[in-house]
1. When you check Ala188 against the structure, is it within 11 Å of the ligand (Cβ to nearest atom), of a type in the set (A, V, I, L, M, F, W, C), modelled with pLDDT of 95 or more and buried (at least 19 other Cβ atoms within 10 Å of the Cβ), yes or no?
2. Look through region 75-105, keep the residues that are in contact with a Leu (Cβ under 9 Å, 6 or more places away or on another chain) and polar (S, T, N, Q), and return whichever of them is nearest to Glu195 (Cα to Cα).
3. Of all residues in region 205-243, count the ones that are within 11 Å of the ligand (Cβ to nearest atom), more than 17 Å from the chain's Cα centre (by Cα) and of a type outside the set (A, V, I, L, M, F, W, C).
4. Report the residue count in region 83-119 for those that are among the small types (Gly, Ala, Ser), within 16 Å of the ligand (Cβ to nearest atom) and in contact with a strand residue (DSSP E or B) (Cβ under 9 Å, 6 or more places away or on another chain).
5. Mind listing whichever residues of region 55-71 are more than 26 Å from Asn136 (Cα to Cα) and either over 19 Å from the mean Cα position of the chain (by Cα) or modelled with pLDDT under 80 (or both)?
6. In region 228-258, how many residues are under 19 Å from Arg167 (Cβ atoms) and either of a type in the set (Val, Ile, Thr) or surrounded by fewer than 22 Cβ atoms within 10 Å (Cβ to Cβ) (or both)?
7. So if I check each of Ile200, Ile179, which one is farther than 29 Å from His5 by Cα and within 14 Å of the ligand (Cβ to nearest atom)?
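The values are calculated or read from the model by the stated rules, or taken from the named source; none is laboratory data. In this text the structure is predicted, and so the values were computed from the model without any measurement. Here the Cβ positions follow ideal geometry from the backbone for every residue, glycine too, while neighbour counts run over all protein chains shown.
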Amino acid sequence: MNDGHWMKLKKAVETVTARLEKTPDVAMTLGSGLSDAFGQPEGGITIPCSEIPGFPVPTIAGHSGEFWIGPLCGKTILIQRGRAHYYEGNTIEDVSFATRMYALLGIPTLVVTNASGAINPDFRAGDLVLLTDHINMLGVNPLRGANIDELGPRFPDMSAAYTPSLRAMAKRVAAAEGIAVKEGVYLAALGPSYETPAEIRAFGAMGADLVGMSTVPEVIVAAHAGMNVLGLSIATNLAAGVDPDASLTHEEVIETTRRKGAEMRRLLMGILEQL
Ligand code: HPA
């Protein structure tokens, strides 16, 4: 299994390298509803996932599945619009494929964004939250199988998977821009059903502030490969049962993300400038 994964990765990296003038400084993954937050910046190139051999193509609404690479905020940035999720039926190798490709391209920094449900009672729908850590409840680990030594060690340390200095910088940028940010632990649940109120109470007791269905596989492979990681979430809704009268819909998630898109963009631009 892993041999095939490694060959696919090498082929994808070759294909993308051939189209790059320069190694990007940052890879930024834009999740649910955020794909269009940066519009179509001037210049640069767009590579649809479908043009990269072996690359998994995202399927759900709100994920467009392409890469834009070009100049932004004085840097060379790769923007990934849309991501593969495990709940879509992708293998865990496919879910972490793009991030491993970034590591092999030599991109030093990963910025991941997502939408999440707020478990922490101090959080509100629409809050921007910097991820401090995660809890993996997916039941799988993208590093399972023979280790790819070219990427990183067999038993990688996850003590500081979310790079503390990047988070400190993001907080400074947010303060300077007058944007409120919180900090929290993100728990990845499998989905695609939203959680039950009992699950949310359990996750809260475990120490989770936010719940979502993505990001953790990407962060694990990024940390494995020694990349610096910044995670930023929009708490799009209160998690199940936090407001006993509320129900959860994907439309609400997309709507809140769109509503916060401009602020998110402003914060991310400030962060990219400082990187
Ligand atoms: N649960 C899981 N994933 C999510 C949620 C949620 O409440 N909101 C946005 N993504």
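1. yes
2. Within region 75-105, the match that is nearest to Glu195 (Cα to Cα) is Ser96.
3. The total comes to 2.
4. Residues meeting the conditions: 4.
5. Listed by number, the residues that qualify are Gly70, Pro71.
6. The total comes to 3.
7. When all the criteria are applied, what remains is Ile200.
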